[in-house]
Amino acid sequence: MKAVKAVDAESSRSALAERTGMAAFTRVAPARAIRWAVLVVVLVVIVLAVPVLLSTYWVQILTSVAIYSIVTLSLAVLMGRVGLVSLGQIALLAVGGWVALRLGFAFGPALPFPLLVLITGAITSVIGTLIGLPALRLSGLYLALITLMAAAAITQVLAATNFPNGGEGFLGHSSANVGNAVLARPDVMASDAGFYRVVVVVTAVMFLIAILHVNGKAGRAWAAIRQSEAAAIAAGVNVTLYKLWAFALASFMTGIAGCLLAASAGGLTTYGFPTQDSITLLAVVLMGGIYSFWGPIVSAVLLKLIPEFLKNWGLPADVLTILFGLGVLQAMTTAPAGLAVQVPKDLANLGRALTGLARKRLVRVPAPEEHAR
Amino acid sequence: MIEITGLTVHFGGVTPLDNVSMVFPAGTCGLIGPNGAGKTTFFNVLSGFVSPAAGSVRAFGTDLLSMANYRRARWGLRRTFQTEQAIEALSVFDNVAMVHEHCAARQSARRQEVLEAIAFVGLDGDPDERVGTLDARDRRLVEIARAVVGEPKVVLLDEPAAGLPEAETKHLSDMIQRIPEQRGALVILVDHDMSLVSACCQVTAVLDFGKLIASGPTADVLRNEHVMRAYLGTDDKV
Amino acid sequence: MPDLRPYLVLGLALGGVFALSGVGLVVLFRATGVLNLAYGAVGALGALIAWSLINNLGFPDWAGYVVALAFGGIATLAYGVVFGPPLAQRDPLVKAVASLGLTLILLGIMSWGWSYQAHALILPTTNWGFDLGGVRVNGTQLLGLGLGIFVTGFTAAFLRFTKVGVAMRSLANHREITAMLGVPVRRVEAAAWLGSGLLSGATGLLLSTLVGLDIVGLTFLVIASLSAALVGRLNSLTVTLVAGLAIGVVQSSLTAFLAVSSYRTVTPFVFAIVALLWFGFSQRGVRST
């Protein structure tokens, strides 16, 4: 990097543009390309190898982790990139599940699964946006409060309406019908392994959509809004529109997650979406990290995988709840970026310290010029 | 030309702007006054953060106040803030590009025009560096680059020299004087540094307690008795 | 049209308690900038502790209630003293989210110590009652309504006429200047924390009697109080009182209409959304920079 800078300083003004473009390209290309290549390889391994290596039980757990990582991703983008706090994502997950089930039972196999997923996402997006709309013009605190209230309201309504399970009427629920509220899956995803693979692919697509947003025009506008709405407006950003868009995107992704959840083993029950879970979701997202794209995966692991380990070891889940509460307090008072940024940073520091030590051992007496740099 | 007519702002018991009428003709114009005179409020009215109780603002024949606030940047109104607001999370390039992509200017020329603006303010570091890592002087320059990119019509500079050492003020002064001619915009400069104002501005208006107390060629205004009294205060004032 | 009178009575009692806790929320928010969302959880834990003391350790009833109140006050004060200063300069949103952390911790403690089964804690005032035009009104309901009205009035007077109260109002409106005037900010804030904590303890006891000692239910009844406080724009105590009563009455009355009865707990949410829409539109033209 230093060599590149030296070259820039020497060149004339008119050539600056060309040089900078070239320098940026040559510096970024190898590092980024390698990173993407590694990611793709890891993804292929996860998709193909995992269902073969693990038991059905763990495949189902990992499927759940993947689905919930879409939800944690949506919240992380909202909080980390736009600075908006939504306490209603779990409720929206339930709404997405409800919509998917209702449409699934209404249209049956006539509605292809991919289309069902998209329509569910769209409808959930509209509902989520409507909930957030009144508060988007006011301060962030009101948005958090209204989404919390919506979460509680939806939980209550859900207890009354239940999930569609093939029954009659608008609500589509029949208490006589002993069948579960489960979405029928097309043949390619009928098995646990097949479903797992489809879910991981959809999750990857969701992450891709998020990354494209964050690195594009929307991400830039959001960064401005997060730092100073006044500066954003002065730059020509329609703040209300971009906030709405962020909220719509988060609701869309959560709706899709809800559809996938409805199709997962066991289907949906009204006990699956308590108000408390919306707060727990906030906690794990804060702990996992809101600024990185690894954070949501860490968050989903905290939410869905760790409790399974605890269950296997006979420890009470309440301990985790308390730890999550402490995590929120810690995040608010110290590291807003979350564990996913802190830990790699700490590891990098550790790595640097170790390689520094190693270098000192391997090189006998460094020349004075080398040290001066 | 910018024409302000009868501009009045009420703010919970205070009147930061009281029936202010002034004209900013062309080039670089100064707006000075003691603290609390209403200068930043005036900028906030232009930016659309504050709604006036009365009055109108016509810039180059367009009624600014009827435009939604985020549309004004698109029209060509740009602004810097007292506490500089370059976006820390973004790179220098993205900071300036963001303004460009939200304004009507041709998107195909974006890269070129952004680099042009960055060169204009004299930033010669790496444009892909995050603004958060830059020092105060460079951040201020990024903010100004955001203000002059593309085809601005009006550039509002709110105390751009605040907190900068002497040497930087000279660079700033040269740059501000070049804006009307090289970027084609009318500049309104608010600052407390009188040497900066007299170097850059041909005409200056003076506010005190929300009222216009003087306006005209800068040299005359700075010698004006009322203006001096406003800044220094006299024995008669309570 | 079904007979709404019994629901009216319960609704006014509940509404009184909503107003009671709403006032606690508003005063604390104005004095410290913290919207304490753990309010309901603190009250619930206090009630559970009282329950255990009375039923498992044989404490006399009144002692249990005193402990519940004390717990509310002390726990809230402790949180305020420990987590108030590091968050003092932050956005109200950050402070509110931090209180959600406290909520989780309390929920974890409660489910660990008492599990989710229902417990019964009935204040003795329930045994006393009278007939009002054919409808039975019990003492606890009267207490709920009465306390709600009394505390609203008392707090308003306190804020206006006492030194500490005036200091609290000063903190709410002009934080930086207040510190410079020599007002003992930390002590005034502590008073606000303690006061709102005591109120949350009282709320826990009253709601346990009126709607049942259920961990989740009690914790999230804070939402109804929150809604009342929002209608009052987190500022006006009188509006909070009226809104609280209105929410209580409407929610309770909806029980009588079978078609919508199961959805009646949506009431606070509807009130809040309408209020926010109203404020959102009346705030046009003024934006903080």
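Since every read-out is calculated from the coordinates, none of them should be taken as a lab result. A quick note: this is a predicted structure, and the numbers were derived from the prediction, not measured. All Cβ positions, even for glycine, are placed from backbone atoms using ideal geometry, and neighbour counts span all protein chains on display.
Oblate is the label for chain C, because a/c, from the alpha-carbon gyration tensor with a ≥ b ≥ c as root eigenvalues, is 1.5 or above and a/b does not exceed b/c. With R₀ fixed at 51 Å, the C-beta to C-beta distance from A:Trp313 to C:Leu181 puts the FRET efficiency at about 0.35. On a per residue basis, the convex hull of the C-alpha atoms belonging to the stretch A:57-372 measures out at 186 Å³. Less than 5 angstrom separates the built amide H of C:Leu213 from those of C:His119, C:Leu121, all sequence-distant by 5 or more or on a different chain. Using alpha carbons only, how many degrees (0 to 90, rounded to 10) separate the axis of helix C:139-161 from the longest principal axis of chain C? Between helix and principal axis, roughly 20 degrees.
Of C:Leu205, C:Leu123, C:Val166, which is farthest towards the positive pole of chain C's charge dipole, taken about the Cα centre with +1 and -1 on the beta-carbons of Lys, Arg and Asp, Glu respectively? It is C:Val166. Radius of gyration (Cα atoms) of the protein assembly as shown, expressed as a multiple of 2.2 N^0.38 Å: 1.06.
Of A:Ser299, A:Ser228, A:Ser69, the sequence from fewest to most neighbouring Cβ atoms within 10 angstrom is A:Ser228, A:Ser69, A:Ser299. Taking chymotrypsin sites (Phe, Trp or Tyr not before Pro) across the stretch A:134-209, the ones in a DSSP loop with at most 15 further Cβ atoms lying within 10 angstrom of their Cβ are A:Phe170. Relative to the longest principal axis of the Cα atoms of chain C, the long axis of helix C:222-231 lies at roughly 60 degrees. Of C:Leu171, C:Leu213, C:Leu258, the residue with the greatest mean-square motion in the GNM of chain C, using alpha carbon springs below 10 Å, is C:Leu258. Summing charges over neighbours of B:Thr8, with a neighbour being any other residue whose Cβ is under 12 Å away from its Cβ, gives 0 when K and R count +1 and D and E count -1. Other residues within the sphere of radius under 14 Å centred on the Cβ of C:Leu35, judged by their own Cβ, net out at +3 (K and R +1, D and E -1). A simple count of charges around A:Gly216, restricted to other residues whose Cβ falls under 14 Å of its Cβ and scoring Lys, Arg +1 and Asp, Glu -1, yields +2. Once the cut-off is 16 Å, how many percent of the Cα-Cα pairs in the stretch A:215-263 end up in the long-distance tail? I get 46 percent for the Cα pairs in the stretch A:215-263 exceeding 16 Å. Listed by Cβ neighbour count within 10 Å, with the fewest neighbours leading, B:Val203, A:Val200 appear as B:Val203, A:Val200. Pairwise Cα distances in the stretch A:266-338 exceed 13 Å for 68 percent of all pairs.
Applying 1/(1 + (r/R0)^6) with r as the Cβ-Cβ distance of A:Arg32 and B:Gln182 and R0 = 35 angstrom yields a FRET efficiency of 0.45. Taking only the C-alpha atoms of the stretch A:26-168, the Rg (one decimal) and the largest Cα-Cα distance, Dmax (whole number), read 19.2, 62 Å.
Residues whose amide H comes within less than 5 Å of that of B:Leu77, counting only those at least five positions distant or on another chain, are B:Lys153, B:Val154 (H built at 1.01 Å from N in the peptide plane). Couplings for the stretch C:269-278, taken from phi via the Karplus curve 6.51 cos²θ - 1.76 cosθ + 1.60 with θ = phi - 60°, read 4, 5, 4, 5, 4, 4, 4, 5, 4, 4 Hz in order; Gly and Pro are left as x. Give a residue-ordered list of calculated ³J(HN,Hα) values for the stretch B:161-170 (Karplus: 6.51 cos²θ - 1.76 cosθ + 1.60, θ = phi - 60°; whole Hz; x for Gly, Pro). Using θ = phi - 60°, the values come out as 8, 4, x, 9, x, 3, 4, 5, 4, 5 Hz.
The mean of 1/r over all pairs of different alpha-carbon atoms in chain B, once inverted, gives a Kirkwood hydrodynamic radius of 18.3 Å. Its DSSP H runs of at least 4 residues, each contributing -39,500 (n - 2.57), put the calculated 222 nm mean residue ellipticity of the protein assembly as shown at -21000 deg cm²/dmol, to the nearest 500. At an R0 of 41 angstrom, the distance between the Cβ atoms of C:Arg136 and C:Val81 translates into a FRET efficiency of 0.40. Counts of other chain beta carbons within 10 angstrom of each beta carbon in peptide B:2-14 average 0. Taking the fewest neighbouring Cβ atoms within 10 Å as the starting point, the ordered list for C:Trp128, B:Trp75 is C:Trp128, B:Trp75. Shape class of the stretch A:124-268 from the Cα gyration tensor (axes a ≥ b ≥ c, square roots of the eigenvalues): oblate, since a/c reaches 1.5 or more and a/b does not exceed b/c.
Kindly express, to the nearest 10 degrees and within the range 0 to 90, the angle between helix C:92-114's C-alpha long axis and the longest C-alpha principal axis of chain C. Between helix and principal axis, roughly 40 degrees.
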